[in-house]
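Remarks on the structure that follows.
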Amino acid sequence: MRAGRSPLVVANWKMNKTAREAAAFAEEFLSLRPSLPDAVGVAIAPAFPVLERLGRLLTHTQVLLAAQDVHTESKGAFTGEVSAPMLRDLGVSLALVGHSERRRDRKEDEASFARKIERLLENGIAPLYCVGETLEERDGGRTDEVLARQMTALDAFGSLPAGLVVAYEPVWAIGTGRAASSAMAADTHRQIRSLLSKRYGSDLAASVRILYGGSVTPANAVSLFGEEEIDGGLVGGASLVPADFAALVKAAG
Ligand code: 13P
């Protein structure tokens with residue numbers, strides 16, 4: 001990562017860990033925390049029903065509570081959904097928007113991501129906007145075009161959304177054990193930063209943290225996070241084990 005941008009490592013637990021399992025994780029991870037670099041921001045995104053319990057355990061720890069998604073509206077007749085004010089009340093400070101698993105399973109689009117980001121900003125929650133191409137798109141030479149389209153979710157905002165973090169997660173690298181090479185990830189991060197520059201100017205774009213996600217492990221993290229353009233990670237599988245997650249935080253320091 002580059003001087004001036006503080007590293008961030010975010011655990012995306014996806015549909016894993018009950019409240020009880022989360023509490024066991026927190027106890028073990030927090031016991032390792034004193035040996036980890038203070039300068040690295042850490043956030044954990046559990047499933048919605050686990051937010052309250054985990055949030056209580058993380059109070060006063062500097063580990064941020066994150067959410068995996070949010071609804072486009074603040075309230076109303078939307079059965080099964082969770083709003084930004086509900087997340088704010090639970091102490092959530094960061095929320096994922098646009099994860100590829102939701103793009104795939106829920107067919108959500110950029111217009112709805114823009115509305116989700118708006119709701120988060122209204123509630124003082126930082127958006128972590130996820131982008132990334134499929135294997136077919138990369139092999140077809142369409143990565144640039146796909147990223148450009150995904151980044152149009154930010155077009156609704158005249159100024160840089162407060163606290164915005166972007167995560168580059170190539171779909172082919174998620175949960176496959178096949179991470180992007182550091183050089184390829186760094187190259188794509190540069191592309192994303194140039195898309196941010198077009199919207200907000202190069203100085204503001206340079207302040208935005210861009211995380212890499214997709215099969216990050218303690219074995220490849222030092223090389224990935226060593227790239228100037230990679231400001232940390234959004235981690236699935238390896239974030240489920242306290243010692244592995246701690247190793248990733250160390251690697252980002
Ligand atoms: P894995 O780390 O399990 O590949 O998942 C990455 C991811 O999707 C994080 O959001």
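Structure data summary
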read-out	value
The listed residue being over 23 Å from V235 (Cβ atoms) and of a type in the set (V, I, T), out of T61, T79, T143, T134	T79
Matching residues in the stretch 88-128 - criterion: being within 23 Å of L58 (Cβ to Cβ) and either aromatic (F, W, Y) or surrounded by fewer than 15 Cβ atoms within 10 Å (Cβ to Cβ) (or both)	D89, G124
Any hit, the stretch 147-156, residues being away from the ligand (no atom under 16 Å from the Cβ), buried (at least 18 other Cβ atoms within 10 Å of the Cβ) and under 23 Å from L65 (Cβ atoms)	no
Every pair of residues 6+ apart whose Cβ atoms lie under 6 Å, when the first sits in the stretch 129-143 and is assigned to a loop (DSSP other than H, G, I, E, B) while the second is away from the ligand (no atom under 16 Å from the Cβ)	E133/T143; E133/V146
Contacts under 8 angstrom Cβ, first residue in the stretch 232-253 being without any contact (Cβ under 8 Å) to a residue 24 or more places away in the chain, partner more than 9 Å from the ligand (Cβ to nearest atom) and assigned to a helix (DSSP H, G or I), 6 or more apart	A238/P218; A238/D244; A238/F245; A238/L248
Residue ID - nearest to G253 (Cα to Cα), chosen from residues in the stretch 184-219 that are within 15 Å of the ligand (Cβ to nearest atom) and of a type in the set (G, A, S)	A219
Given (1) in a helix (DSSP H, G or I); (2) surrounded by 15 or more Cβ atoms within 10 Å (Cβ to Cβ); (3) touching a Pro at 6+ places or on another chain (Cβ under 9 Å), index of the condition A180 fails	(1)
Test for D38: is it within 30 Å of A185 (Cβ to Cβ), acidic (D, E) and part of a loop (DSSP other than H, G, I, E, B)	yes
Per-region count, the stretch 164-177, residues within 13 Å of the ligand (Cβ to nearest atom), outside any helix (DSSP H, G or I) and either within 15 Å of S215 (Cα to Cα) or free of Cβ contacts under 8 Å to residues at least 60 places away in the same chain (or both)	9
Single match in G253, G213, G233, G226 (criterion: in contact with a Cys (Cβ under 9 Å, 6 or more places away or on another chain) and closer than 19 Å to G41 by Cβ)	G213
Residue in the stretch 185-204 that is surrounded by the fewest Cβ atoms within 10 Å (Cβ to Cβ), counting only those that are touching a residue at least 40 places away in the same chain (Cβ under 8 Å) and small (G, A, S)	A186
Tally, over the stretch 84-103, of residues that are in contact (Cβ under 8 Å) with a residue 12 or more places away in the chain, assigned to a helix (DSSP H, G or I) and within 15 Å of the ligand (Cβ to nearest atom)	3
Some residue of the stretch 11-34 being among the β-branched types (V, I, T), assigned to a strand (DSSP E or B) and modelled with pLDDT of 95 or more	no
Hits in the stretch 1-44 - residues which are within 21 Å of G253 (Cβ to Cβ) and within 15 Å of the chain's Cα centre (by Cα)	S6, P7, L8, V9, V10, A11, N12, V40, G41, V42, A43, I44
Members of the stretch 220-240 found to be away from the ligand (no atom under 11 Å from the Cβ) and over 19 Å from P37 (Cβ atoms), listed by number	E229
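The values are calculated or read from the model by the stated rules, or taken from the named source; none is laboratory data. For clarity, every value in this text was computed on a predicted model and none was experimentally measured. All Cβ positions, even for glycine, are placed from backbone atoms using ideal geometry, and neighbour counts span all protein chains on display.
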